[in-house]
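Here, each number is a calculation from the coordinates, and none is a lab measurement. Remember, predicted model here, so these are calculated numbers, not experimental data. All Cβ positions, even for glycine, are placed from backbone atoms using ideal geometry, and neighbour counts span all protein chains on display.
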Amino acid sequence: MILWQKLKEHDPDAFGHIYTTYRKWLTVVAYSIVQNETEAQDLVQKFYVDLWQMDWSNTGALTGPIKNFLFISIRNRCLNHIRSNEIMRKRVAKLQLPPDYEPPADILENKELQQHLSDAIAQLPAVRARVFKLGYLHHFSRQQIANYLGVSEATVKTHMALALKDLRNLLKNKVY
């Protein structure tokens with residue numbers, strides 16, 4: 001309980017104790033979930049940065065072993081990371097080109113295609129265009145977009161589906 005209180009007070013010694021005591025263990029836990037050493041180390045490092053910057057005023061009375069809190073936090077962070085990677089793989093799969101597609105022969109043709117896409121995005125309703133850009137151009141997850149725009153994930157999903165449908169219709173005659 002004293003450690004919890006010291007963390008809430010942003011005591012550097014308490015944070016240092018948690019870091020030196022649990023960093024390697026958390027990295028092993030993260031690695032067992034993500035199966036990639038570099039990603040595991042990055043996730044743990046980002047977790048410690050977030051832990052230090054955490055606003056403890058909304059956490060209420062935390063009790064129980066700190067190790068349980070750390071384990072659940074890093075496990076959830078790893079699962080969110082995996083989920084985010086899966087979302088990106090699905091988005092890339094949706095954007096796969098047809099087998100008969102031939103890439104632009106020259107730079108002018110490529111610029112023309114980019115212009116068609118930009119023009120089509122500009123024709124979308126503002127929110128729909130913003131959701132599409134955040135998801136496909138900036139690689140935000142649905143949850144990140146929802147948080148950023150202050151809407152539900154279901155709303156983001158709907159706007160994304162409608163944006164893709166609209167873009168397909170708008171670009172249907174533009175792509176060779």
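Take the residue pairs 24/67; 133/157; 90/172; 46/157; 6/67 and return only those whose Cα atoms are more than 18 Å apart.
Numbers: 24/67 13 Å; 133/157 13 Å; 90/172 22 Å; 46/157 28 Å; 6/67 15 Å.
Over 18 Å Cα-Cα: 90/172; 46/157.
How many angstrom lie between the C-alpha centres of region 121-165 and region 1-56?
Cα centroid to Cα centroid, the span is 32 Å.
Which FRET efficiency value, to the nearest 0.05, do you get for residue 147 and residue 112 by plugging their Cβ-Cβ distance into 1/(1 + (r/R0)^6) with R0 = 22 Å?
E(calc), rounded to 0.05, equals 0.05.
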